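**Q** Sharing a structure with you now.
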Amino acid sequence: MKLNGVATRSVWLEPDGWSVGIIDQTLLPWQVVRLQLLSAADAAHVIASMQTRGAPLIGAVAAYGLALALRADASDDNLASAYDMLLAARPTAVNLRWALDDVSAFVRQHSRSDRVEAAYRRAAAICDEDVAINEAIGRHGLPLIEAIATRKAPGEPVNILTHCNAGWLATVDLGTATAPIYTAHDGGIPVHVFVDETRPRNQGASLTAFELGQHGVPHTVIADNAGGHLMQHGQVDMVIVGTDRTTGRGDVCNKIGTYLKALAARDNGVPFYVGLPSPTIDFALDDGVAEIPIEQRSAIEVTAMSGRTPDGRIGTVTIVPDGSPAANPAFDVTPARLVTGLITERGVIEASREALERTFPDHASRRHKREAAE
Ligand code: MRU
């Protein structure tokens, strides 16, 4: 996607050929600051602090984190301790473990002297694969938007509601939930996006609105609580969200608040789609509500808000009375029965174990191998 008119990925290898670049997403949309990661500890830190975030992107950054670790020390012990440190950075998105397992298995096939080069090669391939997956999600999601567009008056936009940021900034490029939107927009179909602000960290207001604006996609930021009302009044044609982990039976874990949008969508007959790249499927799990670990983040993300003051300063204000406690579960689970369809890189499928295993037999069998090894 374009950042100030220049095609930019969310993670890259610096010109020195070994350090890793990211955009500090905690400073967007006010400042575009690039960070240089020099070690696995740097990678773990930016994932935990959410300077880099989004399920596919934290997998890609963690993959480079292992390469940085091996560059310092290519031993098995160092590989294992870097793996543990990176895995502990965030608990919910399964892409993190997927990428760490993938790079670890790949480098273990190589002699110690070849491991660094192998890790960088595999991390770069994970990034390129992510982009290809998202392009395919865009292609498969496009007909869903086209079908709605044909029922509209000429020039009238298809109204799509999205939650959090499952866009370019949450992936290496293009995004998952946003891929069909960008594909439709670029193909000349009028689209308009309702962007949930996504409290408490406001990834919708600060990141999704930013990247849609950079790409020229018409959008309107709404308070998280507005979606149900808009759906009741026929102003939302479809919902497309991302996912941090989707279980083998199709339960979808995504940013807190997604479940409420799925309930409102079901009550109002609005189709609810999920952009699902295959590394986000966890075939080892079945019941998402019971089994997916939900990240509990700091209460301060709820009690305080950051933004730009009228005089241009970036500041943080407290919005609750002194002493009021706050809770901050960061994700929730939308049961498969509320999902109209999963937009995957291999097509749009039903949210069910049968459909997921039929579409991704190669991934499902990897799960069985892992279970046998455990
Ligand atoms: O806590 P975040 O900002 O990492 O959460 C991101 C989301 O919930 C996204 O919707 C999800 O990672 C899908 S990204 C393509």
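**Q** For segment 213-357, state the semi-axes of the equivalent ellipsoid (square roots of 5 times the eigenvalues of the alpha-carbon gyration tensor), sorted largest first and rounded to whole angstrom.
**A** On the way: eigenvalues 183, 84, 46 Å².
Over the Cα atoms of segment 213-357, the semi-axes work out to 30, 20, 15 Å.
**Q** Next up: Would you grab the residues whose amide H sits under 5 Å from the one on T334? Only those 5+ places off in sequence or on another chain, please, with H modelled 1.01 Å from N.
**A** Here V252, C253, N254 satisfy the definition.
**Q** Counting only other residues whose beta carbon sits under 13 Å from that of E291, what net charge do I get with K and R as +1, D and E as -1? Provide the component values of the computation, followed by the final result.
**A** Details: positive: R245, R249; negative: D251, D282, D286, D287.
For residues surrounding E291, the net value is -2.
**Q** Quick one: Cα centre-to-centre distance for segment 23-100 and segment 218-277, in angstrom?
**A** Here the two parts' Cα centres lie 28 Å apart.
**Q** Checking the cross-link filter: which aspartates and glutamates have an alpha carbon closer than 14 Å to that of K152, excluding same-chain neighbours under 8 positions apart?
**A** D237
**Q** Per-residue counts of other Cβ atoms within 10 Å, averaged by peptide: what ranking do you get for 170-177, 157-164, 38-45, highest first? It would help to have the intermediate numbers written out before the result.
**A** On the way: 170-177: 28.4, 157-164: 25.2, 38-45: 20.1.
Taking the mean over residues of other Cβ atoms within 10 Å, the ranking is 170-177, 157-164, 38-45.
**Q** Right, next: Step through the residues of segment 215-220 one at a time and calculate ³J(HN,Hα) from phi using the Karplus curve (6.51 cos²θ - 1.76 cosθ + 1.60, θ = phi - 60°), rounding each to whole Hz and writing x for Gly and Pro.
**A** 3J(HN,Hα) across segment 215-220, in whole Hz: 9, x, 8, x, 7, 9.
**Q** If I compute solvent accessible area with a 1.4 Å probe over the protein chains, what percent of it on the chain is carbon and sulfur?
**A** Details: 8100 of 15160 Å².
With neighbouring chains kept in place, the figure for the chain is 53 percent.
**Q** Still on this structure, please answer the following. What are the residues whose amide H is under 5 Å from the amide H of T220, where those residues sit 5 or more places off or on another chain and H is modelled from the backbone?
**A** Close amide H contacts, sequence-distant or interchain: V193, F194, V195.
**Q** Mind checking the per residue accessible area of the chain for me, 1.4 Å probe, whole number of Å²?
**A** Working: 15160 Å² over 374 residues.
Per-residue accessible area for the chain comes out at 41 Å².
**Q** Still on this structure, please answer the following. Can you tell me which of 244-250, 335-341 comes out highest on packing, and rank the rest after it, using the mean Cβ neighbours within 10 Å?
**A** On the way: 244-250: 25.9, 335-341: 19.0.
Going by the mean number of other Cβ atoms within 10 Å, highest first, we get 244-250, 335-341.
**Q** Taking +1 at the Cβ of each Lys and Arg and -1 at the Cβ of each Asp and Glu, which of T162, L338, V221 sits farthest along the dipole of segment 134-373 towards its positive end, judged by Cα position relative to the Cα centre?
**A** The residue sitting most towards the positive pole is L338.
**Q** Contact order normalised by length for segment 49-148, with contacts defined as Cα pairs under 8 Å and 6 or more residues apart; what percent is it?
**A** Working: 81 pairs, mean separation 33.2, N = 100.
So the answer I get is 33 percent.
**Q** Compare W30, W168, W12 by solvent-accessible area with a 1.4 Å probe and give them largest first, with all protein chains kept in place. Could you put the intermediate results ahead of the total?
**A** Working: W30 110, W168 0, W12 55 Å².
Ranked list, largest accessible area first: W30, W12, W168.
**Q** So, one more: Using the Cα gyration tensor of segment 9-151, with a ≥ b ≥ c the square roots of its eigenvalues, what is the shape: rounded (a/c below 1.5), prolate (a/b larger than b/c) or oblate (neither)?
**A** Numbers: a/c = 2.12, a/b = 1.59, b/c = 1.33.
Verdict is prolate for segment 9-151.
**Q** Quick one: how many Å² of T178 are accessible to a 1.4 Å probe, rounded to 10?
**A** T178 exposes around 0 Å² with every protein chain in place.
**Q** Per the Debye formula with a single identical scatterer at each Cα and no solvent contribution, what log10 I(q)/I(0) holds for the chain at q = 0.07, 0.10, 0.14, 0.15 Å⁻¹?
**A** Once normalised to I(0) and log-transformed, intensities are -0.29, -0.61, -1.21, -1.38.
The values are calculated or read from the model by the stated rules, or taken from the named source; none is laboratory data. A quick note: this is a predicted structure, and the numbers were derived from the prediction, not measured. Quick reminder, even Gly has a Cβ in these numbers, built from the backbone with ideal geometry, and neighbours come from all protein chains shown. Please note that ligands, DNA and RNA were not included when accessible areas were found on the heavy atoms of the full protein model with its side chains. Shrake-Rupley method; radii C 1.70, N 1.55, O 1.52, S 1.80 Å.
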